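The values are calculated or read from the model by the stated rules, or taken from the named source; none is laboratory data. Bear in mind the structure is a predicted one, so any value in this text is a computation, not a measurement. No Cβ is skipped: glycine too gets one built from the backbone with ideal geometry, and neighbour counts run over all protein chains shown.
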Amino acid sequence: MGLFDRFRRVVKSNINDMISKAENPEKMLNQLIVDMNQQLIESKKSVASAIADEKKLERQVNENRNHAAEWERKAMMALKAGKEDLAREALARKQEYDSYAAQLEEQWTAQHESVEKLKESLRGLQQKIDEAQRKKNLLIARSKRADAQKKIQQTVSGMSNTSAFEVFDRMASRVDQLEAEVAAAGEIADMSSRGDSLEDKFKELEGSGSAGTDRMLEDLKKRMALEDNSGQSDSGAQADEASDGNASSVENDPLEELKKKMNDEVEG
């Protein structure tokens, strides 16, 4: 059992070392599986050596039992030949082999029990490693998911920090300042252009002073002509009205009507 205690100590030490170094979980698990398999290979070698010792003891037990049986056969052969002294010597040798075989059998029994326990532990260890191998992918997936959640939480925590929004506020203020500067520059340019235009208009007015006087003279003449025409129209209208009045008065006078009738008869 000391073999597997050492195995557990080595594996536990490797795990603690990996955890203390905060290595990548996937890398850590893969390395742990490699270490466990390496320790399993060493354990199998030790178990194989123990089994070999068991087999050797078993073989020695059988050999000594065979030797004891052989000396027993020889003792029987000596008795048949009537040689009791020789038979006693043969039986003494048989007892030696029997005693040695009994001692070896005790060792073999203990070794056999130890080997069976080692085999059982080795099978359990193999099952543990197989289970660890199967769980490795699951643990790696869980580790990646936890890492992703951690990064998300860090991102959310970073977004909750006002420093990021302060950057946006400062940038917005900067953009507002730039827009104001552009608008001011445009307003100044418009003022300059309006000043130039006003000066051009006055220059045009100054350059066309005589032409303006001529136009004013022509306008004055036209207004005077219109007034003259208007006066003549009013006089004609008054004369027409007087003529119409005279005719009307002649038509209404009986004497004038008689004169006109006499003139008409003389001419007729």
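Being surrounded by 15 or more Cβ atoms within 10 Å (Cβ to Cβ) and out of contact with any Phe, Trp or Tyr (no Cβ under 9 Å at 6 or more places or on another chain) is the filter here; which residues of the range 34-43 pass it? Spell out how you get there, then give the answer.
So the first thing to find is which residues in the range 34-43 are surrounded by 15 or more Cβ atoms within 10 Å (Cβ to Cβ), and the list is 35-36, 39-40, 43.
Across the range 34-43, the qualifying residue is only Asp35.
Taking the stated definitions as given, is Ser157 under 43 Å from the mean Cα position of the chain (by Cα), at pLDDT below 75 and under 30 Å from Glu26 (Cα atoms)?
Yes; evaluated as a whole, the condition is true for this residue.
Kindly indicate whether Val115 is of a type outside the set (Asp, Glu) and closer than 30 Å to Ala148 by Cβ.
Values: of a type outside the set (Asp, Glu): yes; closer than 30 Å to Ala148 by Cβ: no.
Considered against the rule, which asks whether it is of a type outside the set (Asp, Glu) and closer than 30 Å to Ala148 by Cβ, Val115 comes out as no.
Pick from the range 54-82 the residues that are farther than 14 Å from Lys119 by Cα and among the acidic types (Asp, Glu): which of them is nearest to the chain's Cα centre (by Cα)?
Per the criteria, the residue is Glu58.
So for the range 83-97 (the condition being farther than 26 Å from Lys56 by Cα and not in a helix (DSSP H, G or I)), does at least one residue qualify?
Checked against the condition, which is being farther than 26 Å from Lys56 by Cα and not in a helix (DSSP H, G or I), the range 83-97 yields at least one hit.
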